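One structure is given here, and the rest of the page talks about it.
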Amino acid sequence: MKLALGTVQLGMDYGVQGGRKPKEEAANEILTLALNKKVDCFDTASNYGDAESVLGRYIEKNPDKAERMKIISKLTPKAFLEEPKKYWKDIVLSNINESLKRLNVKKLEAFLFHNAEYIFDDYAVRALQCVCKENMAKKIGVSVYTPKEAMKALEYDEIKVIQIPYNIFDQRLDKCGFFEEAEKKEVEVYARSSLLQGLLLMDPDDLPENMGFAKKYLKRFLTICREYQLSPLKTAIGYVGERTGIDYVVFGVDNKAQLWEYLSMRNEKLPEDKRRIFQKEFEDVEEKLVNPVLWNP
């Protein structure tokens, strides 16, 4: 299992459990430990609070580590809103230039659409592709939320990276042939939301009022874990990491203890028979459970 460190939690308070952003000294310790343990891919975005700046200040203090860091960032979600198409390439270049400055690097591993709606506009994809032509990023891609967006992204030869939501509760992409098609097209797949913003590790009785609909699913997940003496964290991550077709599991932490937990799971495997049990149990869940956009009233 290859891990990519997501940095949203280093730039802002995040998650259904109300996680707190760590102080910068603690964030730096997390980054150093990750690199020392051969986690070299970092996922960030301009709207993850000040995550890009946190990474940039770390790189400024540790220039020797910059070459080992593969950084993925994203175009501002509303970058093209009410802007004429003739300006879109300039907007993309301005956006990535600002990210590169904040990050203190000259080139990104990949630059993605954060707003997956843009994947349905050929001109937008061509505008994003200009970052490769200008040698500001190696690849372009998109962070998707739905199977429709994921399958559309695969239609473009230019798209080389797709970030997907994938977890025990969210099996939508298993049903539409996404993984098989992505493998054929040699597209890198990064799976995020393996814990569904921390939901899979919560006590069902501690769910906020607006999350009551998730209680029955969470109880069932934890019951199966207890029945087979499985760690909920290791089960949730192992389920994603064992999925053929996923190149990186994107995970987030806000302290070193959490990072050590993830590192300890890299070589552990969720037995296939147990994986099938969870897959069958949650193959048909309500849309609201797997789409955090629908969580808030």
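Quick notes
- Local electrostatic count at Glu286 - Lys and Arg +1, Asp and Glu -1, tallied over other residues with Cβ under 13 Å: 0
- Ordering 145-152, 39-46 by mean Cβ neighbour count within 10 Å, with the highest value first, yields 39-46, 145-152.
- Averaging Cα coordinates gives a centre for region 219-279 and one for region 25-96; these two points are 27 Å apart.
- Label-to-label distance for Cys176 and Glu287 is 1.2 nm, based on points extended 7 Å past Cα in the beta-carbon direction.
- Using only alpha carbons, region 98-213 has a radius of gyration to Kirkwood radius ratio (Rg to Rh) of 1.05.
- Comparing mean-square fluctuations of Gly252, Gly11, Gly177 from a GNM of the chain with C-alpha springs under 10 Å, the top value falls on Gly177.
- Rounded tilt (10° steps) of 232-241 against the dominant C-alpha axis of the chain: 50
- Mean projection area, nm², convex hull over Cα of the chain: 15.1
- Top of Gln129, Gln279, Gln258 by mean-square fluctuation, Gaussian network on the chain, Cα under 10 Å: Gln258
- With every protein chain in place, region 156-297: carbon and sulfur % of accessible area (1.4 Å): 45
- Residues considered: Lys70, Lys216, Lys234. Largest GNM mean-square fluctuation over the chain, using C-alpha springs under 10 Å, is found at Lys216.
- For the chain, the longest principal axis of the Cα atoms and the long axis of helix 122-133 meet at an angle of about 70 degrees.
- HN-Hα J in Hz across region 180-185 - Karplus 6.51, -1.76, 1.60, θ = phi - 60°, x for Gly and Pro: 5, 5, 4, 5, 4, 8
- Of the accessible area of region 1-102, computed with a 1.4 Å probe over protein heavy atoms only, carbon and sulfur atoms account for 47 percent.
- What you get for the chain, charging only the Cβ of Lys and Arg (+1) and of Asp and Glu (-1), is a dipole of about 520 debye around the Cα centre.
- Calculated on C-alpha atoms, the gyration radius of region 206-297 divided by its Kirkwood radius gives an Rg/Rh of 0.97.
- Kirkwood Rh, Cα atoms: Rg over Rh of region 1-57: 0.95
- Helix 272-281 and the long axis of the chain differ in direction by around 90°, with both axes built from C-alpha atoms.
- Using every pair of distinct Cα positions in region 119-183, the Kirkwood expression returns a hydrodynamic radius of 12.6 angstrom.
- Summarising the amide proton neighbourhood of Ile140: residues at separation of 5 or more, or on other chains, whose placed amide H is nearer than 5 Å comprise Phe111, Lys160, Val161.
- Using a simple spin-label model with pseudo-atoms 7 Å out from Cα toward Cβ, Lys61 and Lys38 lie 2.7 nm apart.
- Solvent-accessible area per residue for the chain (1.4 angstrom probe, square angstrom): 48
The values are calculated or read from the model by the stated rules, or taken from the named source; none is laboratory data. Just so we're clear, the structure is a prediction, and the values are computed from it rather than from any experiment. For neighbour counting, all protein chains shown are included, and Cβ atoms are generated from backbone atoms with ideal geometry for every residue, glycine included. Heavy atoms of the whole protein, side chains included, go into the accessibility calculation; ligands, DNA and RNA do not. Shrake-Rupley method; radii C 1.70, N 1.55, O 1.52, S 1.80 Å.
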